[in-house]
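The values are calculated or read from the model by the stated rules, or taken from the named source; none is laboratory data. Only a predicted model underlies this, so the values are computations on that prediction, with no experimental measurement involved. A quick note on method: Cβ atoms are made from the backbone with ideal geometry, for glycine too, and the neighbour counts reach across all protein chains shown. Ligands, DNA and RNA are excluded from the accessible area calculation, which covers all protein heavy atoms including side chains. Shrake-Rupley method; radii C 1.70, N 1.55, O 1.52, S 1.80 Å.
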There are 2 protein chains.
Amino acid sequence: MPELLDAMGLGKASFYNAFASKHAAFLTVLDCYFSAVDHVLARALEGVKNRDEAAACLLDAILTVARDPEGRTVWRGCLIGNTALEMGARDETVRNRLNQGVRLLRRHFAKALSLADSDGRVLPDSAVSALALHAVAGIQGILVLAKAGMLEEELRAAKQTLLLTLKASPLI
Amino acid sequence: MPELLDAMGLGKASFYNAFASKHAAFLTVLDCYFSAVDHVLARALEGVKNRDEAAACLLDAILTVARDPEGRTVWRGCLIGNTALEMGARDETVRNRLNQGVRLLRRHFAKALSLADSDGRVLPDSAVSALALHAVAGIQGILVLAKAGMLEEELRAAKQTLLLTLKASPLI
DNA sequence: GACATACTGGAACAAATGGTCTATTACTCC
DNA sequence: GGAGTAATAGACCATTTGTTCCAGTATGTC
């Protein structure tokens with residue numbers, strides 16, 4: 001709490017004047033995060049016309065967001081995943097919000113994966129939907145491994161494999 | 001803490017008599033968890049001779065462990081992932097232990113994926129290694145989604161897609 | 001049964017938590 | 001510039017945190 005107030009440059013009174021409770025504030029933070037991520041991912045896809053490239057861009061964008069710029073630790077992770085594992089199981093309100101977040105990620109991946117590949121081929125909707133979900137689970141998993149202290153090199157390999165499985169999509 | 005002591009049927013004194021600190025106790029818990037998971041996964045692979053089947057068995061075993069049997073919440077998740085996101089970024093000791101856990105999971109998947117498929121074909125080591133990592137990231141990701149409140153049905157679909165990407169391994 | 005040793009319940013501890021209250025400051029509008 | 005409102009700093013509060021201490025009770029040994 002002191003850390004939070006300090007970062008916000010706010011006293012307790014002001015904080016509780018602005019938010020009903022810590023919990024309520026956190027819900028607002030989640031919403032903020034969602035729209036920030038929405039914006040970042042939309043921008044990452046701007047101008048990209050190739051399916052594989054689009055998927056790669058999204059993965060990179062998410063990994064960039066998940067990397068702590070201040071360098072207090074190497075990885076800050078994704079607020080959706082972090083929150084899910086820390087309080088998702090207990091707090092239904094949070095869980096519902098997280099669902100929105102997951103759908104948001106999935107939507108972006110679906111958009112990316114519905115582009116034509118370099119040969120001009122387009123995937124059927126069912127494959128797009130399934131692979132988008134696979135991609136979301138995939139990066140969330142990679143972020144878990146990142147926070148578990150896995151080496152950058154291996155994380156890159158994991159990302160690469162995930163990407164390949166997305167390309168191998170005709171099989172789905 | 002009271003919850004913990006209650007579950008252990010221990011008083012504070014006894015607890016601090018047995019463990020140097022809460023933190024130390026948690027490290028022991030992690031080790032316990034690892035060996036339990038090791039045992040469960042080894043058993044899940046017993047007698048399975050087919051690569052695809054083996055991968056499916058491992059995924060199912062992990063999902064079973066991750067499902068809360070007492071039903072306080074639907075998903076308790078995997079202690080490795082839970083811990084990674086909750087304290088992995090800050091606590092180096094924990095992070096090192098988690099690394100062992102991840103390697104353990106990966107080892108089991110590598111073992112499963114190095115089996116021959118139904119046509120008797122075996123994957124090259126590089127593919128086994130890459131896919132094992134992909135599988136570990138994949139289930140951890142699925143567990144994140146589970147805790148984020150995703151519907152069983154979708155989780156099943158995610159598992160299915162992950163399995164398919166593991167089968168599509170000749171492409172890797 | 002006597003005695004040392006190990007265990008345990010519960011009081012006590014300091015520090016931190018989320019949250020409230022009040023007294024004062026800053027701002028706005030006339 | 002003064003009245004009325006909003007924002008704020010900081011004291012205060014109850015509760016909970018992790019941990020220690022002590023006094024009492026089992027436990028085992030001879």
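Being open to solvent by 30 Å² or more (accessible area, probe 1.4 Å), β-branched (Val, Ile, Thr) and either within 11 Å of chain B (Cβ to nearest Cβ) or more than 22 Å from A:LEU98 (Cβ to Cβ) (or both) is not true of A:THR83.
Selection within region A:14-34: residues that are within 15 Å of DNA strand D (Cβ to nearest atom) and among the aliphatic types (A, V, I, L, M). The member of this set that is nearest to A:THR93 (Cα to Cα) is A:ALA25.
Considering region A:113-126, the residues that are touching a Ser or Thr at 6+ places or on another chain (Cβ under 9 Å) and closer than 20 Å to A:GLU53 by Cβ include one that is farthest from the other protein chains (Cβ to nearest Cβ), namely A:VAL122.
Filtered by the rule that a residue be more than 16 Å from B:LEU143 (Cβ to Cβ) and part of a helix (DSSP H, G or I), region B:83-103 gives B:MET87, B:GLU92, B:THR93, B:VAL94, B:ARG95, B:ASN96, B:ARG97, B:ASN99, B:GLN100, B:ARG103.
Let's see how each residue does on (1) among the aliphatic types (A, V, I, L, M); (2) surrounded by fewer than 17 Cβ atoms within 10 Å (Cβ to Cβ); (3) more than 20 Å from A:MET87 (Cβ to Cβ):
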residue	(1), (2), (3)
B:PRO2	no, yes, no
B:SER21	no, yes, yes
B:PHE34	no, no, yes
B:CYS57	no, no, yes
B:VAL74	yes, yes, no
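Of the residues in region B:109-116, at least one is open to solvent by less than 10 Å² (accessible area, probe 1.4 Å), under 12 Å from the mean Cα position of the chain (by Cα) and modelled with pLDDT of 95 or more. Might you let me know whether region B:127-148 holds any residue that is open to solvent by 20 Å² or more (accessible area, probe 1.4 Å), within 10 Å of chain A (Cβ to nearest Cβ) and of a type outside the set (Lys, Arg)? Yes - at least one qualifying residue is present in region B:127-148. Candidates are the residues of region A:36-55 that are without any contact (Cβ under 8 Å) to a residue 24 or more places away in the chain and exposed (fewer than 12 other Cβ atoms within 10 Å of the Cβ); the one that is farthest from DNA strand D (Cβ to nearest atom) is A:GLY47. The single residue among B:LEU10, B:LEU41, B:LEU30 that is within 14 Å of chain A (Cβ to nearest Cβ) and not polar (S, T, N, Q) turns out to be B:LEU30. Quick check on B:TYR16: is it surrounded by 13 or more Cβ atoms within 10 Å (Cβ to Cβ) and within 16 Å of DNA strand C (Cβ to nearest atom)? Considered against the rule, which asks whether it is surrounded by 13 or more Cβ atoms within 10 Å (Cβ to Cβ) and within 16 Å of DNA strand C (Cβ to nearest atom), B:TYR16 comes out as yes. Residue count for region A:19-60, restricted to those that are in a loop (DSSP other than H, G, I, E, B), among the hydrophobic types (A, V, I, L, M, F, W, C) and within 16 Å of DNA strand C (Cβ to nearest atom): 2. Taken over region B:151-172, residues that are facing another protein chain (nearest Cβ under 7 Å) and more than 15 Å from A:ALA135 (Cα to Cα) amount to 3.
Taken over region A:4-13, the criterion of being loosely packed, with under 10 Cβ neighbours inside 10 Å, under 21 Å from A:ASP31 (Cα atoms) and more than 8 Å from DNA strand D (Cβ to nearest atom) is satisfied by A:ALA7 alone.
Within region A:61-82, the set of residues being part of a loop (DSSP other than H, G, I, E, B) and of a type in the set (Ser, Thr, Tyr) comprises A:THR73 only.
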